[in-house]
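Derivation of every value follows stated rules applied to the coordinates shown; laboratory data play no part. The model shown is predicted, which means the values in this text are computed figures rather than measured ones. Heads up, the Cβs are rebuilt from the backbone with ideal geometry, glycines too, and the neighbour counts pull from every protein chain shown.
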Amino acid sequence: MNWLTDLTPDEWNAVRLSIKVATVAMLASLPPGIAIAFLLARGRFWGKTVLNGVVHLPLVLPPVVTGYLLLISFGRRAPLGSFLESTLGIVFSFRWTGAALACAIMGFPLMVRAIRLSIESVDRKLEAAAGTLGAHPLWVFLTVTLPLIVPGMIAGAILSFAKAMGEFGATITFVSNIPGETQTLPSAIYTFTQVPGGDEGALRLTLISIIISMGALVVSEALARRAGRRLDIE
Amino acid sequence: MTVSVDIEQRLGAFGLEADFTSSGRLTALFGPSGSGKSSLISLIAGLTRPGRGRIEVDGRVLVDTEAGVFVPKHKRRIGMVFQEALLFPHMSVAHNLRYGRWFTPPAERYARMEAVVGLLGIGGLLDRRPGKLSGGEKQRVAIGRALLASPRLLLMDEPLASLDDARKAEILPYIERLRDETKIPIVYVSHSVAEVARLASDVVMLSDGKVVAAGPTAEIMQRLDLLPADEKGEGGAVLETAVVRHDEAFGMTVLGSKAGEIRVPRVAMAVGAPVRLRVRARDVMVATVEPTGLSALNVLPGTVAAIDPGEGAAVVVRIDCNGVAVMARITRQSRQALELAVGRPVFAVVKTVSFDPATTAAGPRGEIDG
């Protein structure tokens, strides 16, 4: 079992980068994910169907299309990209941040669906009860609704993380395949399969992919079970 | 403390049009299911808005559609106990209890934790999770949670409806204590004559979204014609009595009332304690001469005050027993055979064993007729 130590620096970079990209994508999409899920679950407004469609687009579009759309809107010379660079100093194109953005967008529909379902399962009369006890709607959200949807949030976050770990099409289209900057695990595996004698490296990274994904699943199960126990729902 | 409501609300085909004022200690909103009781209580709590109208509690206008006033529910300081308890599943019992207290301005917190916990007997449950409580325990905690927010008014929406009879019997004494030992006025929704006759000081009777009668409990309970069909058998007179003595040899308690002494199966109350007695009209016989050689122990002299046509074979005879009305549901045939007419002296006869725990309850203090 010394194959792990045989990882080349480039391979290590791919592993580290993938975890970083997936973690950032997951954490950054959590707040907007909760907000959008809340709007879709509870809101009654014009254009709700459109919003729902837009959120789900990445799920049905070919990933290459999503990546290309990102490229033409967040590229350095694209209007949105140049605006963000000049105002906030954030550059997405051909950076790891762009990989994180692509992964976040690809995982967003999965996250929103999971959170939306858990919001819809919250008994609204519990919120009414909190209101009659004197709690302002904002406090009701923070002390009743939010704790009750924690299992859904965990499920959504893990789905987003897992999607990010496996994201390939949109990432490679948007930010290419630069070792050390945008080359995530799937891109690295793809590169290995394109060169003669790359099978061994591809297999090593594949095993690592499986380990990380399984680990994420086990952790999410444990977290969800703990949250469920705290809720004590009969 | 007065609650006054005058509202109109349309919900699809159902229209609610209610206008009543009550200053009772426990006002029951009473009527069959679908009569609008729960819609009315939701309006008072602020969970819904009326199409038109005005709601005032203790001199404070909560809703006035003409003036554009609508106080949101979290600013009304009106406690609510729901049918399904609705405890927060992610908090312990103690946290549930403290929840409302936290949002109450310190100057207005009158409810003390130890007092409420003692009143409801929930001291042993504080560390438990709501999921681990029985239905009756949940409902007691829900009552405690509402009380600890120090509300100006407590609304109870059929709090016993989803419990079995044993659990109901477990909670009723706590609601009686609530009525007698706290100053907080209660509005209580129910479709059960037994609960209303036992608990209420005043009754607002609803039918098809309209108020059909309102007034003191004893008065409204006599209107057998207004009771829901499945509850008619439970209707009758409500008498405020007091324990005179216990007859240990025969396992009975003698109650004193204006109508005379009434013997009931032994109740666990001290001599002098008020007892609210419901005399079901179907349990009362009428005799034109004082009966002898009869097993029934309670024979109350009186005069026929009114004869209300009942449905089918029955009529309801209202007998004035020294100023207290006792109702008797008898057949039309008996009425004819006995030649009953208004003003005729008669005797109301009630078997002791026809009284049971559902008809003998602790009465509200300081309201004894006898």
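Number of residues in segment B:299-319 that are surrounded by 17 or more Cβ atoms within 10 Å (Cβ to Cβ) and not hydrophobic (A, V, I, L, M, F, W, C): the value is 3. Scanning segment B:342-357 for residues that are over 22 Å from B:P265 (Cα atoms) and touching a helix residue (DSSP H, G or I) at 6+ places or on another chain (Cβ under 9 Å) gives B:R344, B:V346. Of the residues making up segment B:61-102, those that are out of contact with any helix residue (DSSP H, G or I) (no Cβ under 9 Å at 6 or more places or on another chain) and touching a residue at least 40 places away in the same chain (Cβ under 8 Å) number 0. Within the option set B:V342, B:V324, B:V289, B:V304, being hydrophobic (A, V, I, L, M, F, W, C) and closer than 30 Å to B:I171 by Cβ holds for one residue only, B:V324. Is it true that B:M327 is in contact (Cβ under 8 Å) with a residue 60 or more places away in the chain, touching a Lys or Arg at 6+ places or on another chain (Cβ under 9 Å) and either within 24 Å of B:L227 (Cα to Cα) or not in a strand (DSSP E or B) (or both)? Judged against the criteria, B:M327 is a match. Report whether or not A:G201 is in contact with an Asp or Glu (Cβ under 7 Å, 6 or more places away or on another chain) and either surrounded by fewer than 24 Cβ atoms within 10 Å (Cβ to Cβ) or outside any helix (DSSP H, G or I) (or both). Yes: the conditions hold for A:G201. When the residues of segment B:89-103 are filtered to those that are out of contact with any Phe, Trp or Tyr (no Cβ under 9 Å at 6 or more places or on another chain) and within 7 Å of another protein chain (Cβ to nearest Cβ), the one that is surrounded by the fewest Cβ atoms within 10 Å (Cβ to Cβ) is B:P89. Go through B:R145, B:R128 for me and flag whichever is among the basic types (K, R), closer than 22 Å to A:D123 by Cβ, within 12 Å of chain A (Cβ to nearest Cβ) and buried (at least 23 other Cβ atoms within 10 Å of the Cβ). Going through B:R145, B:R128 in turn, just one is among the basic types (K, R), closer than 22 Å to A:D123 by Cβ, within 12 Å of chain A (Cβ to nearest Cβ) and buried (at least 23 other Cβ atoms within 10 Å of the Cβ): B:R145. When the strands (runs of 3 or more DSSP E) confined to segment B:180-221 are screened for residues that are surrounded by fewer than 21 Cβ atoms within 10 Å (Cβ to Cβ), those reaching at least 3 such residues are found at B:210-216. Among the residues of this structure, B:M113 does not count as one that is out of contact with any His (no Cβ under 9 Å at 6 or more places or on another chain), facing chain A (nearest Cβ under 10 Å) and either without any contact (Cβ under 8 Å) to a residue 24 or more places away in the chain or closer than 30 Å to A:T145 by Cβ (or both).
Would you point out which residue out of B:A28, B:A67 is over 26 Å from B:R145 (Cα atoms), more than 14 Å from every other protein chain (Cβ to nearest Cβ) and of a type in the set (A, V, I, L, M)?
It is B:A67.
In segment A:91-123, which residues are more than 10 Å from chain B (Cβ to nearest Cβ) and either surrounded by fewer than 17 Cβ atoms within 10 Å (Cβ to Cβ) or polar (S, T, N, Q) (or both)? Residues satisfying the conditions are A:V91, A:S93, A:R95, A:T97, A:L117, A:S118, A:E120, A:S121. Quick one: is A:G33 buried (at least 18 other Cβ atoms within 10 Å of the Cβ), more than 14 Å from chain B (Cβ to nearest Cβ), of a type outside the set (A, V, I, L, M) and within 30 Å of B:W102 (Cβ to Cβ)? Answer is yes for this residue. The sole residue among B:E219, B:E181, B:E158 that is without any contact (Cβ under 8 Å) to a residue 60 or more places away in the chain and within 17 Å of the chain's Cα centre (by Cα) is B:E219. Given the condition surrounded by 13 or more Cβ atoms within 10 Å (Cβ to Cβ), part of a strand (DSSP E or B) and either touching a strand residue (DSSP E or B) at 6+ places or on another chain (Cβ under 9 Å) or basic (K, R) (or both), answer yes or no: does some residue in segment B:332-345 qualify? Looking for residues that are surrounded by 13 or more Cβ atoms within 10 Å (Cβ to Cβ), part of a strand (DSSP E or B) and either touching a strand residue (DSSP E or B) at 6+ places or on another chain (Cβ under 9 Å) or basic (K, R) (or both), one finds none in segment B:332-345, hence no. Counting only helices (runs of 4 or more DSSP H) that fall entirely inside segment A:126-187 and contain at least 2 residues that are more than 10 Å from chain B (Cβ to nearest Cβ), the qualifying elements are A:150-166, A:169-175.
Screening B:L86 with (1) more than 16 Å from B:L178 (Cβ to Cβ); (2) more than 7 Å from chain A (Cβ to nearest Cβ); (3) under 27 Å from the mean Cα position of the chain (by Cα) gives one miss only, at (2). The residue that is nearest to the other protein chains (Cβ to nearest Cβ), counting only those in segment B:31-57 that are within 21 Å of the chain's Cα centre (by Cα) and under 14 Å from B:R77 (Cβ atoms), is B:A45.
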